[in-house]
Amino acid sequence: MSETSEQKMADALEWNYTSPLAGYENSPPLPDERTDDGKSYVNNQTGVKSVAYERFIEPLDNGRRGGFDIHVYYFQNNPQQTQYARELWQRIRHEFPELRIYTFWDRPVGPHPVAMFEVNLFTPAQFGAFIPWLAIWRGPLSVLVHPNTTHEDDVPHELERELKNHTERAIWLGERIPLDVGRFKSLVAAFKRAESNKGE
């Protein structure tokens, strides 16, 4: 049974969110002036680009795991999707050999309910090149893009981070495929029970 929109919204309220304006509280007011196109706004220019152009922001993993995992899904019982997915996997290995590209699975694995393959991205430049490319070349396939965050995240336990990264922070290209996050949720609940029992 899939979650309703109301259930998803309620789940989202369980997380804490830092204000997006943290660190910009004392910035000059933003102008109301529009650019020549009449639609977009003029912004205060500082001459300094965001560090996010050069390095993933914290708490994204800039280390061994990489900042983002890309899961490309296909229905393994559909011959056309299977062929397209295999050809896409091969094309990615040819065109982006610097990326980490994993097994071409022919069955569901982990929380992934259909077959897939995975690609890791380690830099904003890789993300900026690969995601637009994949938006065009993914064809009939659905793609989950999720962050990998480190212990500096506002979510204290690794299992909770994994759950949040695969759900709340997920970005989808194409149709969203519901993940089987029941195992994440049960492990998180067991961890929280164990933690609360320690305090007694």
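The values are calculated or read from the model by the stated rules, or taken from the named source; none is laboratory data. Keep in mind it's a predicted model, so treat the numbers as computed, not measured. Counting neighbours? That spans all protein chains shown, and the Cβs are built from the backbone with ideal geometry, glycine included. Each accessible area value is taken on the protein alone, full model and side chains, heavy atoms only, with ligands, DNA and RNA left out. Shrake-Rupley method; radii C 1.70, N 1.55, O 1.52, S 1.80 Å.
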At 1.4 Å probe size, what's the solvent-accessible area of residue 57? Round to the nearest 10 Å². 90 Å²
Figure the gain on full extension for residue 158 and residue 192 (residue separation times 0.36 nm, minus the Cα-Cα span) and round it to one decimal in nm. 11.0 nm
Straight-line reach from residue 164: which lysines fall under 30 Å, measuring Cα to Cα and dropping same-chain residues less than 8 apart? 8, 49, 185, 192, 198
Taking 7 Å along the Cα-to-C-beta vector as the label spot, tell me the residue 24-residue 176 distance in nanometres, rounded to one decimal. 2.5 nm
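Let me spell out the model: positive unit charges on the Cβ of Lys and Arg, negative unit charges on the Cβ of Asp and Glu, origin at the Cα centre of region 74-200. What dipole size does that give, in debye rounded to 20? Numbers along the way, then the final one.
Values: 15 positive and 16 negative charges, 62 e Å.
It works out to roughly 300 debye.
Per DSSP helix of 4 or more residues, -39500 (n - 2.57); summed, then divided by the residues of the chain. What does that give at 222 nm, rounded to the nearest 500?
Numbers: 5 runs with 65 residues, N = 200.
Value at 222 nm, helices only, nearest 500: -10500 deg cm²/dmol.
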Taking 0.36 nm per residue of separation between residue 102 and residue 33 and subtracting their Cα-Cα distance, the length gained on full extension comes to 20.0 nm
From the square roots a ≥ b ≥ c of the eigenvalues of the alpha-carbon gyration tensor of the chain, which class results: rounded (a/c under 1.5), prolate (a/b over b/c), or oblate? oblate
Using only protein heavy atoms and a 1.4 Å probe, report how much of residue 112 is accessible, in Å² to the nearest 10. 10 Å²
Can you give me the Cα centroid spacing of region 112-146 and region 66-85 in angstrom? 10 Å
Suppose a student asked you for the relative contact order of the chain, using Cα pairs under 8 Å spaced at least 6 residues apart; what percent would you report? 21 percent
Quick check: with the 1.4 Å probe, what order do 161, 138, 64, 55 take by accessible area, largest first? 64, 55, 138, 161
As I understand it, the dipole of region 14-70 uses +1 on the Cβ of Lys and Arg and -1 on the Cβ of Asp and Glu, about the Cα centre. Which of 20, 62, 40 lies farthest toward its positive end? 62
